[in-house]
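In what follows, a structure is listed as structure tokens, so that the remarks can point back to it.
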Amino acid sequence: MTGLFLRAALTGLLLSGTAAHASGQSDASISGSYLAGRSAAKLRDNDLASDYLSDALKADSGNPVLTEKIFLLELSEGNMPKAEEFAAQVLTFNSQQRMARIVLGIKDFRGRHYAEARKNFAQSAYTPVGELTSWLLTAWAYAGEGELNPALKTLDRLDSNESFANFKTFHAALIADYLGNSIRAEASYRKAYEAAGTSLRVVQAYGNFLERNGRAAEAQKVYRTYLDADENPLVRATLDASLKNEKPKPFIANPSQGAAEALFSLATSMTDDQSIDVALLYTQLGLTLGADQDIMYTLLGDTYEDMKRYDKALAAYQRVPVDSPLRTNADMEIAVCLQHLERKDDALAKLKEVIAREPKNFDAIVTLGNLYRNNEDFANAATTYDSAIALLNPPAPGNWRVFYFDGMSHERLKQWDMAEKQFRKALELSPNEASVLNYLGYSMIEKKINLQEALDMVKKAVDLKPNDGYIIDSLAWAYYQLGNYELAVTNAERAVELLPADPTIADHLGDAYWRVGRKLEARFQWQHALDNKPEPEDAKRIQEKIKNGLPDDVPVTPAQNTTTKTNG
């Protein structure tokens with residue numbers, strides 16, 4: 001939100017003072033409600049934001065800024081009747097508000113008023129995301145009328161942007177399949193699979209098509225290829241059903257499911273912080289179209305987790321049906337949400353419940369280990385990771401993380417031999433993992449062992465992640481331990497630029513400055529480290545350095561906060 005926009009919004013409120021006084025509320029109370037709502041919205045507390053802004057709107061009915069904000073908040077919370085009501089109001093003063101057009105288009109779509117839906121979608125077709133959304137939904141509106149050629153012709157409009165190619169091919173396959181044109185469907189499915197064979201939905205839909213057309217063996221090959229790279233409960237359940245000769249239902253049974261799939265495709269492609277709010281809106285709209293509930297509620301939970309709205313994520317995961325293949329995944333995510341909500345005992349209990357039900361569930365066991373490690377219960381973490389590792393026969397490259405996590409836990413227990421063994425196993429499985437190279441290299445630097453190997457490891461980690469302040473600091477500290485203080489200064493300064501609030505990095509820069517004779521700057525960095533609240537033991541050491549400096553020619557004992565240093 002820009003400053004100009006804020007000024008315009010507040011001006012709109014001030015100009016409506018007459019209406020406010022007529023209702024018995026002061027300008028101050030209206031502005032207070034507005035500002036409180038805006039603050040809540042910035043924190044993504046949409047329920048609270050909607051309440052505050054609704055109070056402001058009662059005193060200033062018809063205010064366009066408030067109306068549009070409340071519309072988006074109601075939509076983000078899934079309050080569709082209210083969202084539709086506000087969408088109609090928004091269009092009275094902004095006839096091309098994109099999300100308002102989409103919401104009312106989806107409302108028409110659900111009512112099978114496909115021509116009206118297309119009109120709304122067409123007026124939302126600006127900006128790349130708007131065009132992609134509009135033409136996918138328009139194509140499905142034609143499919144709702146049984147019109148294959150207009151649907152495919154609409155999808156051709158996506159050719160204007162090459163990044164839309166996979167969306168076009170996949171939905172062309174789904175529409176042709178739904179309308180019974182197997183020849184066109186197969187050609188498009190093949191093309192989609194060749195271009196995006198690692199996509200879960202492409203694999204599910206293509207396999208489903210093959211099975212329904214009497215080609216179960218080919219479908220099973222598609223499923224197995226996917227599972228060889230990524231174990232997924234939905235694909236596993238589909239393969240198991242296929243092996244039992246169970247005939248699947250059509251992947252898309254009606255136009256609403258097709259439109260929901262379009263919204264799902266769009267929402268899952270929006271992963272950065274700037275687009276996550278739009279992903280939430282599309283997910284909520286998809287739920288109104290009767291899409292696969294387990295898929296959509298899982299996506300809703302994942303989206304809320306990304307937004308750090310763990311209470312909302314918890315509620316979404318709880319709505320995944322009990323008989324869904326995604327139920328276990330939902331229970332694991334519920335445990336993670338409980339952990340974030342500081343309900344640590346409940347989190348552990350939930351995961352133990354999953355493991356009691358599925359004692360060989362590798363992911364659940366690793367997640368339990370992660371919770372123990374997060375709680376700094378490193379003994380239980382190490383034991384849990386060890387039990388997960390025992391299930392691997394043999395471990396695959398993708399299993400490097402559990403060895404890394406296990407190594408961290410043993411290192412924190414001061415069981416260095418076991419920790420080093422697990423770190424090296426992680427690198428054997430996946431040699432280019434910057435986090436492992438950094439942790440092992442930094443740990444050896446701390447212990448003043450294998451310093452040249454440690455330096456090489458950290459250099460490689462920096463090459464892999466050149467803008468990671470923690471890793472660059474590890475390189476600085478390696479140079480420090482080797483007595484190359486000038487290079488230590490150069491790298492520590494870069495690390496402080498990247499992570500100015502980290503006390504360990506500032507402490508290291510202070511040490512390096514002292515060794516090159518820049519003693520005033522050294523004390524400044526040590527004070528900076530102290531101001532950023534280091535661990536108590538480190539604080540005592542830093543205070544001593546501020547008072548007395550470093551002893552001549554004797555490397556300082558470094559700060560022990562390795563978990564922060566290594567992104568642990």
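Looking at the stretch 375-433, which trypsin sites (Lys or Arg not before Pro) are DSSP coil and have at most 12 other C-beta atoms within 10 Å of their C-beta?
Working: sites: R401, R412, K414, K421, R424, K425; in loops: K414.
Loop-located and lightly packed - K414.
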Dipole magnitude of the chain about its Cα centre, charges +1 at Lys/Arg Cβ and -1 at Asp/Glu Cβ only, in debye to the nearest 20? 680 debye
Checking the cross-link filter: which lysines have an alpha carbon closer than 19 Å to that of K533, excluding same-chain neighbours under 8 positions apart? K545, K547, K565
Quick one: in the chain, what % of C-alpha pairs are over 46 Å apart? 31 percent
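Would you mind counting up the charge near L137? Only other residues with Cβ under 13 Å from its Cβ, with Lys and Arg at +1 and Asp and Glu at -1.
Within the 13 Å Cβ shell, the charges total +3.
Can you send over the carbon and sulfur percentage of the accessible area for the chain, probe radius 1.4 Å, protein chains only? Don't skip to the end; give the middle numbers.
Details: 13190 of 26160 Å².
Carbon-and-sulfur percentage of accessible area, whole number: 50.
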If you look at just the Cα atoms of the stretch 447-520, how large are its Rg and its Dmax in Å? 11.5, 34
Can you tell me the order of 329-336, 111-118, 543-550 when each peptide is scored by its average per-residue count of other Cβ atoms within 10 angstrom, highest first? 329-336, 111-118, 543-550
With every protein chain kept in place and a 1.4 Å probe, the chain has an accessible area per residue in Å² of 46 Å²
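Determine the relative contact order of the stretch 156-288: mean sequence separation of Cα pairs under 8 Å and six or more apart, normalised by residue count, in whole percent.
Working: 122 pairs, mean separation 23.2, N = 133.
Computed value for the stretch 156-288: 17 percent relative contact order.
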Round to the nearest 10 and give me the degree value, 0 to 90, for the angle of helix 200-212's Cα axis relative to the longest principal axis of the chain. 50 degrees
Give the separation of the Cα centroids, the stretch 367-387 to the stretch 492-531, in Å. 33 Å
Pick out, from H528, N245, Y178, the residue whose Cα sits farthest towards the positive end of the charge dipole of the chain, with +1 on the Cβ of Lys and Arg and -1 on the Cβ of Asp and Glu. Y178
What is the helix-to-structure angle for 293-306, meaning the angle in degrees between its Cα long axis and the longest Cα principal axis of the chain, kept from 0 to 90 and rounded to the nearest 10? 40 degrees
Return the sequence-ordered ³J(HN,Hα) values of the stretch 274-289 in whole Hz as given by the Karplus equation 6.51 cos²θ - 1.76 cosθ + 1.60 applied to θ = phi - 60°, using x for Gly and Pro. 6, 9, 5, 5, 5, 4, 4, 4, 5, 5, 4, 5, x, 5, 6, 9
Under 17 Å from K350, Cα to Cα: lysines that are on another chain or at least 8 residues apart: K360
Helix 378-389: inclination vs the chain longest Cα principal axis, degrees, rounded to 10, gives 60 degrees
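Rounded to the nearest 500 deg cm²/dmol, what is the calculated helix-only ellipticity per residue at 222 nm for the chain, with -39500 (n - 2.57) per DSSP H run of length n ≥ 4?
Details: 33 runs with 416 residues, N = 568.
After summing the helix terms and dividing by the residues of the chain, the value is -23000 deg cm²/dmol.
Which trypsin sites (Lys or Arg not before Pro) in the stretch 134-180 sit in a loop by DSSP (not H, G, I, E or B) and have at most 10 other Cβ atoms within 10 Å of their own Cβ?
Working: sites: K153, R157, K168; in loops: none.
Those that pass, being in a loop and sparsely packed, number zero.
Over 23 Å between Cα atoms: which of K82/K107; K425/K460; K221/K247; K191/K221; K459/K540 fall into that group?
On the way: K82/K107 12 Å; K425/K460 17 Å; K221/K247 17 Å; K191/K221 17 Å; K459/K540 31 Å.
With Cα atoms farther than 23 Å apart: K459/K540.
The values are calculated or read from the model by the stated rules, or taken from the named source; none is laboratory data. What you are looking at is a predicted structure, and each value in this text was computed from that prediction instead of being measured. Cβ sites come from the backbone with ideal geometry, for glycine too, and all protein chains shown count toward neighbours. Side chains are part of the model used for accessible areas, which takes the heavy atoms of the whole protein and leaves out ligands, DNA and RNA. Shrake-Rupley method; radii C 1.70, N 1.55, O 1.52, S 1.80 Å.
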